[in-house]
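The values are calculated or read from the model by the stated rules, or taken from the named source; none is laboratory data. Just so we're clear, the structure is a prediction, and the values are computed from it rather than from any experiment. Note: ideal-geometry Cβ built from the backbone for every residue, glycine included; neighbour counts use all protein chains shown. Each accessible area value is taken on the protein alone, full model and side chains, heavy atoms only, with ligands, DNA and RNA left out. Shrake-Rupley method; radii C 1.70, N 1.55, O 1.52, S 1.80 Å.
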Amino acid sequence: QVQLVESGGGLVQAGGSLRLSCAASGRTFSSLHMGWFRQAPGKEREFVAAIRRSGITYYADSVKSRFTISRDNAKNTVYLQMNSLKPEDTAVYYCAADTAGLNMPKGSYDYWGQGTQVTVSS
């Protein structure tokens with residue numbers, strides 16, 4: 001079992017920045033592939049970014065060059081640095097862990113966090 005706890009969400013003005021964190025426990029963090037997803041009201045959950053245990057990263061086109069995913073294996077934490085935020089980035093952001101990494105970057109995540117709300121005002 002893997003437990004994931006997100007933090008760092010909040011209210012920010014358009015153009016601002018936030019850094020989300022996801023702390024993992026229950027399994028060797030360095031063995032996990034990690035991802036961030038988001039879900040806006042009335043919309044389906046969508047892929048945002050992912051990082052393999054090797055450090056290879058992936059991004060959705062909508063966030064490329066604005067968001068950066070990173071990991072600190074010593075702290076069992078994955079981060080999502082979000083810059084130049086837009087109102088359309090408003091959503092609940094979820095952290096996810098993939099143990100096998102066979103369908104990266106969008107599929108086969110085994111564990112999910114509870115989510116953290118990000119609201120970007122115009």
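Checking 24, 49 one by one, the residue that is within 11 Å of the chain's Cα centre (by Cα) and part of a strand (DSSP E or B) is 49 and no other. Per the conditions (1) surrounded by 14 or more Cβ atoms within 10 Å (Cβ to Cβ); (2) over 16 Å from residue 2 (Cβ atoms), the sole criterion not satisfied by residue 32 is (2). In the stretch 101-118, the residues that are without any contact (Cβ under 8 Å) to a residue 24 or more places away in the chain and in a loop (DSSP other than H, G, I, E, B) reach residues that are charged (D, E, K, R) and buried (at least 21 other Cβ atoms within 10 Å of the Cβ) with C-beta atoms within less than 8 angstrom, at least six apart or across chains, in these pairs: 108/98. Might you check whether a residue that is open to solvent by 10 Å² or more (accessible area, probe 1.4 Å), among the aliphatic types (A, V, I, L, M) and in contact with a strand residue (DSSP E or B) (Cβ under 8 Å, 6 or more places away or on another chain) occurs anywhere in the stretch 70-88? No: zero hits. Residues in the stretch 35-46 that are of a type outside the set (Lys, Arg) and either surrounded by 13 or more Cβ atoms within 10 Å (Cβ to Cβ) or in contact with a Gly (Cβ under 8 Å, 6 or more places away or on another chain) (or both): 35, 36, 37, 39, 40, 46. Of all residues in the stretch 52-78, those satisfying the criterion of being among the polar types (S, T, N, Q) and more than 12 Å from the chain's Cα centre (by Cα) are 54, 62, 65, 73, 76.
Within the stretch 84-108, the set of residues being under 17 Å from residue 32 (Cβ atoms) and under 12 Å from the mean Cα position of the chain (by Cα) comprises 94, 95, 96, 97, 105, 106.
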